[in-house]
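One structure is given below, encoded as structure tokens.
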Amino acid sequence: MSTLHTVNKSPFERDSLSSCIRLAVKGSAILLIEDGVFGAMAGTDHSDMVQAAMKDASVYVLGPDLAARGMSEDRVIDGIQIIDYSGFVNLTAECNNVQSWL
Amino acid sequence: MATKKFMFLNRKAPYGTVYALESLEVVLIGAAFEQDVSLAFIGDGVYQIAKNQNTDGIGMKNFSPTYKALGDYEVTKLYVEKESLEARGLTLDDLMDLTWEDEDDDYAEKPSIRLVSAAELAAVFDEQDVVLSF
């Protein structure tokens, strides 16, 4: 896989996620962590942007960060893969590069 | 000591930054000095009082149960902006059940959360002596 992009800021507070989506090449992986997990939820003002991005990128979300914030896995956008820390490690190993959108 | 109206404005999600926890600590201090304390949750601040927070997986303390104790400190006015909830696809059902006991009404349990529009919240801000932003 090409690049793993990690986003740890809420899409409501920063433009990290929209910048990442705009600049990630086709075939990228995008992993939402920490406050970035709010970008994975269905039915928000940003859901459409994320769903559109999923045509070109694989989107993942870190389950423990969802649970900490009380966000139900059932309400994550369909097609986003929920992974744990070992999944995070695997993604990092599979990708050539990691880009952190702080 | 004169009582002042203190409003704590919460705009950040919990855990990603320390603002939410710091705000909660100052709220408890304000309440201990018997001030008229209100809280407002707008923007990502509404996530602070989301139900079912479980921090076992991230190695941080889950401080959300502390919000349930606010009623015992006579902090009974928690304003939540409706527009902020809606933008996040959330409803009152997604928030913790926060209540207080009214000793003047046979200790009846009453809801602490008040769902308000931006215009209503603006009027509440206008009544305050001090607004502290977190």
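None of the figures in this text is laboratory data; all of them are computed from the coordinates on show. What you see is a predicted model, and the numbers here were worked out from it, not measured in a lab. Using ideal geometry, Cβ is built from the backbone for each residue, glycine included, and neighbour counts are taken over all protein chains shown.
Quick look at the values:
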{"read-out": "Length-normalised contact order of chain A in % [C-alpha pairs under 8 Å, at least 6 apart]", "value": "37"}
{"read-out": "Average other protein chain Cβ within 10 Å of Cβ, residues A:61-73", "value": "6"}
{"read-out": "Inter-label distance for B:Lys5 and A:Lys55, nm, one decimal - labels placed 7 Å from Cα along Cα-to-Cβ", "value": "5.1"}
{"read-out": "Highest to lowest packing among A:75-84, B:47-56, scored as the average C-beta count within 10 Å", "value": "B:47-56, A:75-84"}
{"read-out": "Phi to ³J(HN,Hα) by Karplus 6.51 cos²θ - 1.76 cosθ + 1.60 over the stretch B:39-51, Hz, x for Gly, Pro", "value": "10, 10, 10, 10, x, 5, x, 4, 5, 4, 10, 5, 5"}
{"read-out": "Computed FRET value (nearest 0.05) for B:Phe125 with A:Arg22, which takes r as the C-beta separation and R₀ as 41 Å", "value": "0.70"}
{"read-out": "Share antiparallel - DSSP beta bridges, the stretch A:3-101, percent rounded to 5", "value": "5"}
{"read-out": "Added length on full extension, which subtracts the Cα-Cα distance from 0.36 nm per residue, B:Asp93 to B:Leu21", "value": "23.7 nm"}
{"read-out": "Average beta carbon contacts from partner chains per residue of B:52-60, 10 Å cutoff", "value": "5"}
{"read-out": "Helical contribution to [θ] at 222 nm, DSSP H n ≥ 4, -39,500 (n - 2.57), averaged over the protein assembly as shown, rounded to 500", "value": "-7500 deg cm²/dmol"}
